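The values are calculated or read from the model by the stated rules, or taken from the named source; none is laboratory data. All values reported here derive from a predicted model rather than from experimental measurement. Positions of Cβ are generated from backbone atoms using ideal geometry, with glycine treated the same way; all protein chains shown enter the neighbour counts.
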Amino acid sequence: MSHHLKVFINGRIITMEPGRPDASAMAVAAGRFLAVGTDEQLRPLVQAGAEVVDLGGRTVTPGFIEPHSHISYYAYQQLQVNCSPAASQNIDEIKDRIRKRAGETEPGAWIQGYGYDDTLIEDHRHLNRSDLDEAAPDRPVFIHHISGHLYYANSAALKIGGLTADTPQPEGGEIHKDESGRPSGLLLEPAAAAPIVHRMPQPSPEMYKAAMEKAVDHYHQAGITSCHDAAIGFANLGPDLIQLYRELEAEGRLTVRVYMTILEPFYARIIELGLGPGFGSEHLKLGSVKLFQDGSIQGLTAALRKPYHNRPDYFGDLIMPQENLDAVVEKYVGLGFQMAIHANGDRAIESILLAMERADRIHPGRRDLRHMIIHCQTASDDQIRRMKELGIIPNYFVNHVYYWGDRHESLFLGPQRARRIDPLKSTLDMGLRFVLHSDLPVTPVDPIFSMHTAVNRLTRQGAVLGPEQRIGAYEALRAYTVDAAHCSFEEDSKGSVAHGKLADFTVLSDNILTSAPERIKDIRVEATVVGGKTVFGDL
C-alpha cells in the first residue's frame, strides 16, 4: 500500500458532519480524506501497511477558515513601523520609532507605519502633520490608523499627493484641515488618502514574498488553512499582488488557500478579461467584489441611524450616494457575482439592503450569490430578517466586543446599542447562517479567541456585553468551518472532515465543545494540516 496513505487514530474528531458528528480515526491520501470512522473501522487500512499517526486523544476539527482579513496587507505592514498601543504608549515614543527607522534607511526614503489608535494612546488625540515632520523632516511619512479608515501624513507626503488648502474634498472621504485651512495631516477614508497612496513606492517582489510567507506561517499557527484576502487592490497593490500570489503558488510557497476579495474598481478590470468568482485553483481563487458603504464606529466614520453617544449631533456618513450603490449592486447581481460590502453602522446596512432588494426585483432568481455584509456590527432584527430573505450572509467582526466593547458603551454607542453589537444569537434564532472574522490587521488573527468572544462576550475590562447575544461553542465553530466554506461556494470540498473533502484540519490541545466556556481562549493549536501536509506543529 502507498506510503502516502496515512491513518490518524486515537483522536477526538469533531467532523462538523451531521450524519457522523464524532469519530476517532481518519485516513488521508492524495491530499484528501479517504475514510472517517472509529479506530476499529479503519483497522484494515492500518493492517494493509498505511503509515499510522497516534493523535494521543487530542481534538481534531476541520481547518479554520478565516472569512475576512487582509493577509497580504498584514504582510505589507511587517515592513512598516509598528505604531500600535502595544508597541508605544504615547506619541513621543512613536516619534522615536519613526526617527530610528529614518536612521536605518537611505535619505528621502518613505516611512510607513501602522496600528495607531487615538482612543488607546496616552495622548488621546490624532497624529498631525507637525508630529510627523518633527520625527522625520527630510522624508515622506504615512501612518495607518488601527481601523484601516484613517491615515496620517506629514508635509512631504501631503506635497507628493498634491494635497493643499485648495484641494476639494473627495467623494466618500475627508481631508481634515487645521485652523489655518491647511491639511492637518489627518485623512479620513481611503478616498482622501488615495492621491498619496498611488504615489508610494512598492516593496520589491522578493521582499514582499518573504513577508507573505511569514504571514502565512502566522495564519497556520492560529489553525487557519483557508482565508479570504480582502486587501486585493489596497494600497495600490492589485495586479502585482495577484502576480505575487501566482508565483508563490507555482513555487510551492503558498500553503494557505486564498479566496481573493477584490476592490470593485480593480475587479471591473478583471471582468474585461472574462474572469469572475471561482476562477482559479484549490489554492488561489477569484472571490467576491469588495465595496465600502461606511467606515468605522470608533473612527466616527460609520453611518448610524441615531447619533453617536459622544457626539449627539453627528450620525456619520455613507460612502456612496444611494443611487450609486444601487447601480453598482445591480450590475454585479446582473452578472451573477458575489459581493462583500463593508458596513458597521445600521444606516449603512440599511443602504445595502435597499440596494440588494432593488437588484432582487430587477433580477429575480439570483439569490444564491451569497453576498456578505462585512462586520454588520449594528444589524437590527428587521435587517437580519431581510438578509435571510435575500440569502445574504452576515460576516460578523465579533472581536469588537472585546477590543472596543467598553468604549462603544461609554463613548460611541451608549449602553443600549453597545450590548446589541454583533447580534449572533438573534441571527441564529432567525435561522440565518453567519460567519466570524478577525479583520487582521485590525485585531490579531486568532479564530479560537474570536470563538471565545462569541461564546462569552467578555470585554477587555472583563464585563459581559449583551449576555443575551452569546452563542454555544458548536455554533461558533460552525462559523469558522462549515459555514465559512459555504461563503466561498466550497462546502463540497472543505469545512468538515468527510470522505472526499480536502484534508485540511487543525489539532487542538482540548475539545472546544466540552471545555468550560471561559477556558476556550486557553485552547492551543498544536498542529495545522493543509491537503494532508503538516504546515505547523508536529504530527
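Among the residues making up the stretch 1-51, those that are among the acidic types (Asp, Glu) and outside any strand (DSSP E or B) are Glu17, Asp39, Glu40. Need pairs with beta-carbon distance below 6 Å; first residue in a strand (DSSP E or B) and within the stretch 137-162, second hydroxyl-bearing (Ser, Thr, Tyr); sequence gap 6+ or separate chains. Within 6 Å, the pairs are Ile143/Tyr116; Ile143/Tyr152; His144/Tyr114; His144/Tyr151; His145/Tyr116. Pairing each residue of the stretch 32-56 that is in contact (Cβ under 8 Å) with a residue 60 or more places away in the chain with any residue that is assigned to a loop (DSSP other than H, G, I, E, B) and acidic (Asp, Glu), provided the two are 6+ apart or on different chains, yields C-beta distances under 8 Å for Val36/Glu17. Tyr267 fulfils the conditions (1) touching a strand residue (DSSP E or B) at 6+ places or on another chain (Cβ under 8 Å); (2) surrounded by fewer than 15 Cβ atoms within 10 Å (Cβ to Cβ); (3) in a helix (DSSP H, G or I); (4) of a type outside the set (A, V, I, L, M, F, W, C) except for a single criterion, (2). One residue stands out in the stretch 105-120 among those that are within 9 Å of Ser84 (Cβ to Cβ) and part of a loop (DSSP other than H, G, I, E, B): the one that is modelled with the lowest pLDDT, namely Leu120. Each residue in the stretch 1-31 was checked for being under 11 Å from Ser496 (Cα atoms), surrounded by fewer than 22 Cβ atoms within 10 Å (Cβ to Cβ) and among the hydrophobic types (A, V, I, L, M, F, W, C), and 1 pass. Could we say that Ala485 is crowded, with 17+ Cβ neighbours inside 10 Å, not in a loop (DSSP other than H, G, I, E, B) and not hydroxyl-bearing (Ser, Thr, Tyr) here? Against the criterion (crowded, with 17+ Cβ neighbours inside 10 Å, not in a loop (DSSP other than H, G, I, E, B) and not hydroxyl-bearing (Ser, Thr, Tyr)), Ala485 qualifies. Can you pull out every residue in the stretch 514-539 that is in contact with a helix residue (DSSP H, G or I) (Cβ under 6 Å, 6 or more places away or on another chain), of a type in the set (Val, Ile, Thr) and assigned to a strand (DSSP E or B)? Passing the criteria: Thr528, Val535.
Taken together, the criteria place Ser130 among residues that are outside any loop (DSSP other than H, G, I, E, B), surrounded by 13 or more Cβ atoms within 10 Å (Cβ to Cβ) and either touching a Gly at 6+ places or on another chain (Cβ under 9 Å) or among the small types (Gly, Ala, Ser) (or both).
Just for the stretch 211-243: of the residues that are in contact with a Phe, Trp or Tyr (Cβ under 6 Å, 6 or more places away or on another chain) and closer than 23 Å to Ala194 by Cα, which one is surrounded by the most Cβ atoms within 10 Å (Cβ to Cβ)? Step by step, filter the stretch 211-243, then rank; the result is Ala231.
Residues that are within 17 Å of Arg129 (Cβ to Cβ) and touching a residue at least 60 places away in the same chain (Cβ under 8 Å) were ranked within the stretch 174-199; the one that is surrounded by the most Cβ atoms within 10 Å (Cβ to Cβ) is Leu188. Do we find that Thr453 is more than 29 Å from Met260 (Cβ to Cβ) and modelled with pLDDT of 95 or more in this structure? Judged against the criteria, Thr453 is not a match. Of the set (1) free of Cβ contacts under 8 Å to residues at least 24 places away in the same chain; (2) surrounded by 15 or more Cβ atoms within 10 Å (Cβ to Cβ); (3) within 21 Å of Glu330 (Cβ to Cβ); (4) not hydroxyl-bearing (Ser, Thr, Tyr), all apply to Glu272 but (2).
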